[in-house]
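Peer 1: The structure follows.
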Amino acid sequence: MESEEFLDEVLSRVKSFLASSQTESQIRPSESHASLARTSDLNLPLEGRGLEAALDDIESVLRNSVRTTAPGFMNPLWGGLSIASIAGELVTAATNTAMYTYEIAPIATLIESSILKRIAELADFGTSQGTLTTGGSNGNLLGMLCARQAKFPMSSHAGFDGTNMVAFVSEESHYSFSIASNVVGIGHSNLIKVRCNEHGQMRPDALEEEIEYALAEGRIPFAVLATSGTTVKGSFDPLRAIAAVAHKYELWMHVDAAWGGSCLFSSQHRSLMDGIELADSFCWDAHKMMGIPLICSAFIVKDADVLKAVCSNGNTAHYLYIESGEDLDLGRYSLQCGRRNDALKLWLAWREIGDAGWASMLERFMELAHYLEERVKNHASLELMSERMWTNVCFRYVGDSSTDERNRINAELRQRLIQDGRFMVSRSTIDESIILRSVIANRSVTEESLDAFLDCVVSLGKDIERGLPQQ
Ligand SMILES: Cc1ncc(COP(=O)(O)O)c(C=O)c1O
């Protein structure tokens, strides 16, 4: 088979997969792990099987994949796809290059630079620098590394003793900060979890209390890590008030806007991140709400020199960087060497839809989340488990069950929902209660699909209740 014919065939299969994802009711293959592992041919052969056989493999992969563009997919903080960005993925693969130097990635470098500049503008960040990273987790790591660098400018060169250093994060923050605290060298126990209010937002007064406490103990605070859009509740920390505390103690302020950063596009919802311009750095995942294929994530920092120092290689990469590229080579601002052109897919999608298109898309997501929230609130068998600020809707089935039975019912319900295969939402815990978290970040979701989802939840909940032993 010729490569052109092969590519046409691949595209035709991908097109059918995407089209059928809008109509197929099952979004998750029903085969068990044991059966899939037994029946899949995963062997790497001694003799090549040729391109035609690759088509069979592709069919099998598509058949056994979760349909993440389907309306029933509301599980992680991403879903749905921008078609323009799929083209970006394809062209990125076809033009296969690495983002370290302008020399090897001329147009890609200009595209990434223009995207970073625009994202910084959205946050009123003034002059800034940034990089596309491998995700929000990596963006948070970079934020902490920059904070460490700003406090101890020699640390990137001579290393440092992190045992007495402390950073402050909301108790609702993403787990990547724990991993980052290990990598940065302070360890998990030096990441202080600051108490939140009843809406899941970091309390600025509690932050100040923790800083004072740490100082009194002779510890060295170096970073305040706020969140815009927490993973479970979708809460936004009050950035302006937090910045006032961070500035008072001269601490670096990083904002994890991986999930909520998209609000910056909407004049209606931008106020959720009021005060972002006062931070030193932030990260944002375009692969979450914008329907850009994973991975597409930005890290932006006001002081370019700090990021450059964090990513400095001590001039050992003489085989890569030469003087003429000094101002252009993006590799000087990245922890990676080889790095994909993740900018292209975002750039194509952005040009297709425009700022206004992004704004209406996320305003529609908010409308749908409001619809779901209201339906939950008004349903006698369901209970909303946290006030909604973003598109996370956290709830549980209560039916006629007693309080003691609810965790068991909702754990079982989530399990049966996954087996049922029509809808996917995640399971989480709020104050010891097991809950279902559905998020709207998928262009295929509609009021009708949300109605069908709740019908399914209630029907499964009733079945489980009926099966419970009588008290
Ligand atoms: C609030 C928040 N920050 C950071 C991350 C990590 O992002 P990524 O998966 O891109 O590493 C997540 C992931 O869901 C998140 O919810």
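Peer 1: Have a look at S156, S178 and point out the one that is of a type in the set (S, T, Y), more than 30 Å from N392 (Cα to Cα) and not assigned by TED's automatic domain parsing to the domain that holds I435.
Peer 2: Checking each option against the conditions leaves just S156.
Listed here are the residues, each with its yes/no results for (1) within 16 Å of the ligand (Cβ to nearest atom); (2) of a type outside the set (S, T, Y).
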position: W284; (1), (2): yes, yes
position: A304; (1), (2): no, yes
position: Y321; (1), (2): no, no
position: D327; (1), (2): no, yes
position: R332; (1), (2): no, yes
position: D342; (1), (2): yes, yes
position: L348; (1), (2): no, yes
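So that you can scan it fast, the table gives a plain yes or no per residue for (1) closer than 21 Å to C283 by Cα; (2) not hydrophobic (A, V, I, L, M, F, W, C):
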| position | (1), (2) |
| --- | --- |
| G185 | yes, yes |
| D205 | no, yes |
| R219 | no, yes |
| F222 | yes, no |
| A243 | yes, no |
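Peer 1: Examine the stretch 201-218 for a residue that is of a type outside the set (A, V, I, L, M), touching a residue at least 12 places away in the same chain (Cβ under 8 Å) and either assigned to a strand (DSSP E or B) or within 16 Å of the ligand (Cβ to nearest atom) (or both), and state whether such a residue exists.
Peer 2: Yes, the stretch 201-218 has at least one match.
Peer 1: Mind telling me which of the residues R406, R364 ends up being of a type outside the set (F, W, Y) and over 23 Å from F236 (Cβ atoms)?
Peer 2: Going through R406, R364 in turn, the sole match is R406.
Peer 1: Keeping to the stretch 230-248, report how many residues are within 16 Å of the ligand (Cβ to nearest atom) and either among the aliphatic types (A, V, I, L, M) or free of Cβ contacts under 8 Å to residues at least 12 places away in the same chain (or both).
Peer 2: Final tally of qualifying residues: 3.
Peer 1: Modelled with pLDDT under 95 and surrounded by fewer than 20 Cβ atoms within 10 Å (Cβ to Cβ): does that describe G159? Explain how you work it out, then say what you get.
Peer 2: On the way: modelled with pLDDT under 95: yes; surrounded by fewer than 20 Cβ atoms within 10 Å (Cβ to Cβ): yes.
So G159 passes the test.
Peer 1: Do you know which of the residues in the stretch 249-262 that are touching a residue at least 24 places away in the same chain (Cβ under 8 Å) and over 14 Å from the mean Cα position of the chain (by Cα) is nearest to the ligand (Cβ to nearest atom)?
Peer 2: Looking only at the stretch 249-262, we keep the residues that are touching a residue at least 24 places away in the same chain (Cβ under 8 Å), and these are 249, 251-262.
Retained after the next criterion (residues that are over 14 Å from the mean Cα position of the chain (by Cα)): 249, 251-254.
Details: Y249: 24, L251: 20, W252: 18, M253: 16, H254: 11 Å.
It comes out as H254.
Peer 1: Looking at (1) in a helix (DSSP H, G or I); (2) at pLDDT below 95, find the lone condition where A87 falls short.
Peer 2: (2)
Peer 1: Looking at the stretch 118-177, which of its residues are of a type in the set (V, I, T) and out of contact with any Phe, Trp or Tyr (no Cβ under 7 Å at 6 or more places or on another chain)?
Peer 2: Matches in the stretch 118-177: T127, T134, T163, V166.
Peer 1: Quick check on the stretch 153-161. Is at least one of its residues within 13 Å of the ligand (Cβ to nearest atom), among the aliphatic types (A, V, I, L, M) and not in a helix (DSSP H, G or I)?
Peer 2: no
Listed here are the residues, each with its yes/no results for (1) surrounded by fewer than 18 Cβ atoms within 10 Å (Cβ to Cβ); (2) away from the ligand (no atom under 16 Å from the Cβ); (3) among the hydrophobic types (A, V, I, L, M, F, W, C).
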{"residue": "I111", "(1), (2), (3)": "no, yes, yes"}
{"residue": "I115", "(1), (2), (3)": "no, yes, yes"}
{"residue": "E121", "(1), (2), (3)": "yes, yes, no"}
{"residue": "L132", "(1), (2), (3)": "no, no, yes"}
{"residue": "N138", "(1), (2), (3)": "no, no, no"}
{"residue": "Q149", "(1), (2), (3)": "no, yes, no"}
{"residue": "T163", "(1), (2), (3)": "yes, yes, no"}
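Peer 1: While we're here: Go through (1) more than 10 Å from the ligand (Cβ to nearest atom); (2) within 25 Å of V310 (Cβ to Cβ) for T227 and report which single condition fails.
Peer 2: (1)
Peer 1: Please indicate, with yes or no, whether at least one residue in the stretch 82-100 is of a type outside the set (G, A, S) and within 16 Å of the ligand (Cβ to nearest atom).
Peer 2: no
One line per residue, one yes/no per condition, for (1) over 30 Å from C296 (Cβ atoms); (2) surrounded by fewer than 23 Cβ atoms within 10 Å (Cβ to Cβ); (3) touching a Phe, Trp or Tyr at 6+ places or on another chain (Cβ under 9 Å):
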residue: L344; (1), (2), (3): no, no, no
residue: E352; (1), (2), (3): no, yes, no
residue: M361; (1), (2), (3): no, yes, yes
residue: W390; (1), (2), (3): no, no, yes
residue: E432; (1), (2), (3): yes, yes, no
residue: I435; (1), (2), (3): no, no, yes
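The values are calculated or read from the model by the stated rules, or taken from the named source; none is laboratory data. Since we're looking at a predicted model, the values are computed, not measured. Here Cβ is always computed from backbone atoms with ideal geometry, including for glycine, and neighbour counts include all displayed protein chains.
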